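Each remark here refers to the structure printed beneath this line.
The values are calculated or read from the model by the stated rules, or taken from the named source; none is laboratory data. If you're wondering where the values come from, they're calculated on a predicted model, not measured in any experiment. FYI the Cβ positions are ideal-geometry reconstructions off the backbone, even for glycines, and counts take in every protein chain you see. For accessibility, only protein heavy atoms count, side chains too; no ligands or nucleic acids. Shrake-Rupley method; radii C 1.70, N 1.55, O 1.52, S 1.80 Å.
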Amino acid sequence: QVQLVESGGGLVQAGGSLRLSCAASGRTFSSYTMGWFRQAPGKEREFVAHISWSGGRTYYADSVKGRFTISRDNAKNTLYLQMNSLKPEDTAVYYCAAATRLSVYPSDFGSWGQGTQVTVSS
């Protein structure tokens, strides 16, 4: 499995922006489909976005479409999530994850980071 470490979380006012990063190591980063998930208190972990190994294909949850952008830099072994127009309902722990198959389901992702807290104040 690939090892993943998230960074960039924090406190931001509604309407603001944050950029999350996920540094990967252990295996060839470009071999994995990468995804972002989030989990709010009392809620199940939910899909946010994923990106193919080449970066050519992306897919977003309806709740973040048009506001969030997923990208990857395979040369730097890093995944990104640019979050704009943040809302209080975006508050959650955000996790990056790696899979060998395209999926929107947490069970299909075999490697996970420890998560980074994003808090959006109203």
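May I ask you to say which residue of 67, 57, 45, 19 is out of contact with any Ser or Thr (no Cβ under 6 Å at 6 or more places or on another chain), more than 18 Å from residue 117 (Cβ to Cβ) and of a type in the set (Lys, Arg)? If you could, list the steps in order and put the result at the bottom.
Working: 67 fails: out of contact with any Ser or Thr (no Cβ under 6 Å at 6 or more places or on another chain); 45 fails: more than 18 Å from residue 117 (Cβ to Cβ); 19 fails: more than 18 Å from residue 117 (Cβ to Cβ).
Within the list 67, 57, 45, 19, the selection yields 57.
For segment 67-87, which residues satisfy the criterion of being of a type in the set (Val, Ile, Thr) and at pLDDT 95 or above?
Those that are of a type in the set (Val, Ile, Thr) and at pLDDT 95 or above: 69, 70.
Counting only residues that are without any contact (Cβ under 8 Å) to a residue 40 or more places away in the chain and either open to solvent by less than 50 Å² (accessible area, probe 1.4 Å) or not hydrophobic (A, V, I, L, M, F, W, C) (or both), how many does segment 73-83 have?
Narrowing segment 73-83 to residues without any contact (Cβ under 8 Å) to a residue 40 or more places away in the chain: 73, 75-76.
Then drop every residue that is not either open to solvent by less than 50 Å² (accessible area, probe 1.4 Å) or not hydrophobic (A, V, I, L, M, F, W, C) (or both), which leaves 73, 76.
Residues meeting the conditions: 2.
Just for segment 43-56: of the residues that are in contact with a strand residue (DSSP E or B) (Cβ under 7 Å, 6 or more places away or on another chain) and not aromatic (Phe, Trp, Tyr), which one is modelled with the lowest pLDDT? Reasoning before the result, please.
The initial filter retains those residues of segment 43-56 that are in contact with a strand residue (DSSP E or B) (Cβ under 7 Å, 6 or more places away or on another chain), namely 45-53, 55.
In the following step, the residues that additionally are not aromatic (Phe, Trp, Tyr) were identified as 45-46, 48-52, 55.
Details: 45: 96, 46: 96, 48: 98, 49: 97, 50: 96, 51: 94, 52: 89, 55: 81.
Taking the candidates together, the pick is 55.
Among the residues of segment 59-72, how many are open to solvent by 70 Å² or more (accessible area, probe 1.4 Å), under 22 Å from residue 107 (Cα atoms) and either free of Cβ contacts under 8 Å to residues at least 24 places away in the same chain or assigned to a loop (DSSP other than H, G, I, E, B) (or both)?
Looking only at that region, the number is 1.
So, residue 56, is that one open to solvent by 20 Å² or more (accessible area, probe 1.4 Å), free of Cβ contacts under 8 Å to residues at least 24 places away in the same chain and not polar (S, T, N, Q) or not?
Details: open to solvent by 20 Å² or more (accessible area, probe 1.4 Å): yes; free of Cβ contacts under 8 Å to residues at least 24 places away in the same chain: yes; not polar (S, T, N, Q): yes.
So residue 56 fits the description; yes.
Does residue 5 meet the test of being part of a strand (DSSP E or B), β-branched (Val, Ile, Thr) and closer than 18 Å to residue 68 by Cβ? Explain how you work it out, then say what you get.
Numbers: part of a strand (DSSP E or B): yes; β-branched (Val, Ile, Thr): yes; closer than 18 Å to residue 68 by Cβ: no.
When the stated conditions are applied, residue 5 does not pass them.
What number goes with the only condition from (1) open to solvent by less than 80 Å² (accessible area, probe 1.4 Å); (2) under 15 Å from the mean Cα position of the chain (by Cα); (3) farther than 19 Å from residue 122 by Cα that residue 86 does not pass?
For residue 86, the failing item is (3).
Of the conditions (1) in a loop (DSSP other than H, G, I, E, B); (2) open to solvent by less than 60 Å² (accessible area, probe 1.4 Å), residue 98 clears all except one; give me its number.
The number of the failed condition is (1).
Evaluate segment 26-42: report whether one residue or more is open to solvent by less than 60 Å² (accessible area, probe 1.4 Å), at pLDDT 95 or above and in a helix (DSSP H, G or I).
Checked segment 26-42: no residue is open to solvent by less than 60 Å² (accessible area, probe 1.4 Å), at pLDDT 95 or above and in a helix (DSSP H, G or I).
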